[in-house]
Amino acid sequence: SVKADVGLVGTNATSAGTVALRFATTTGLTYKGAVSGQSAGNTGILTGNTMTTYKTKVTVAAASNTPTGPQGSPKVNQDILYFTVANNGSYSAYFNNATFTVSWTPITNTSTVARNFFLYDSADLTTKLATSTINASQTYNGTTTLFSIGTGTSGKEIAAGATKTFYIKGDTTDAVVTAGSTSGSRIQFYISDGTGFTWNDGVSTAITKALTIPAGLYSGVISY
C-alpha cells in the first residue's frame, strides 16, 4: 500500500480539492524477486483513485431508538425520526440542511390544513432548529420536507470527534386510524443518499456526499 500526507501536496491541500497518486512509466515502481534477484519495473502508468480532500468528515445514521411501529393516536407533536451526526475528524463541522422524502399511506391522504414539522437538537427540545411545512391540500406521499438551519458556519456545529442526536417531530393529525387493521396510516421520512444532507467543514460550503449517509437515512415506519 502507498500512503501520503495530502496536506503537504503542492502548496498544501485545499478543501474540496482532489488528489491522485500514481507511478510513472517504468521508473515509478521497481521491485526485485526474492529468489531470482532480478529487478523489474512497471510497464505502464499506475494511477490510484482520485480522492477529494475535506477538512473533516461527518457520518449520518438513524439512532437505534428512533420511533417505529404503532403510535396510538395521531398528534401535533409526534416523534418521527431520531438521527445522529458524527464528526469523525479533527475540526468542527456544521450541519446546514436536510431534505426528506415522505412515504405515507394511504397514498391519497392529503393535508386538511398546513401541517408543521420541526427539527431539534436532542439536547434542547424547546428550541426549534428548523421548520418545514406541508401546505393545505397537499398530498403527503412523495412530498419533500426541507429543514434549513443556516448556510456555512451558521449551521449547527458538531465539534471535532463529537456525535449529536437530532429529532424530527411533527403534526400527524391527518393520519388515518384503523386499529387492528393494515389500512391505517403508515408514515416514514427518509433520505436515500447523501445528496439530501448538506454540511460544511469551515472551508467548503454545501458539501453533499454519498459517503455522508452510506446506507441512506430512514425513520422507522410509524403506524396508527
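A few notes on this one:
- Over segment 103-224, equivalent-ellipsoid semi-axes from the Cα gyration tensor in Å: 30, 15, 14
- Net charge contributed by nearby residues that have their C-beta within less than 14 Å of A61 (K/R +1, D/E -1): +1
- Among the listed pairs K3/K164; K32/K55; K75/K128; K32/K209; K55/K164; K75/K209, a Cα-Cα separation exceeding 29 Å is found for K3/K164; K32/K55; K32/K209; K75/K209.
- Computed FRET value (nearest 0.05) for T47 with Y91, which takes r as the C-beta separation and R₀ as 41 Å: 0.90
- Spin-label pair N77/N135, simplified geometry with 7 Å Cα→Cβ offset, distance in nm: 2.8 nm
- Cα gyration tensor shape for segment 40-138, rounded if a/c is under 1.5, else prolate or oblate: prolate
- Modelled FRET efficiency - R0 35 Å, A114 with T165, Cβ distances, 0.05 increments: 0.80
- Charge sum, other residues only, whose C-beta stays under 11 Å from I207's C-beta, Lys/Arg counted +1 and Asp/Glu -1: +2
- Surrounding net charge for I158, when Lys and Arg each add one and Asp and Glu each subtract one, Cβ distance under 14 Å: +1
Each reported figure results from applying straightforward, stated rules to the coordinates on display, with no laboratory input. Note that the structure is a prediction, hence the values are computed from the model and not measured. In this analysis, Cβ positions are derived from the backbone assuming ideal geometry, glycine residues included, and neighbour counts consider all displayed protein chains.
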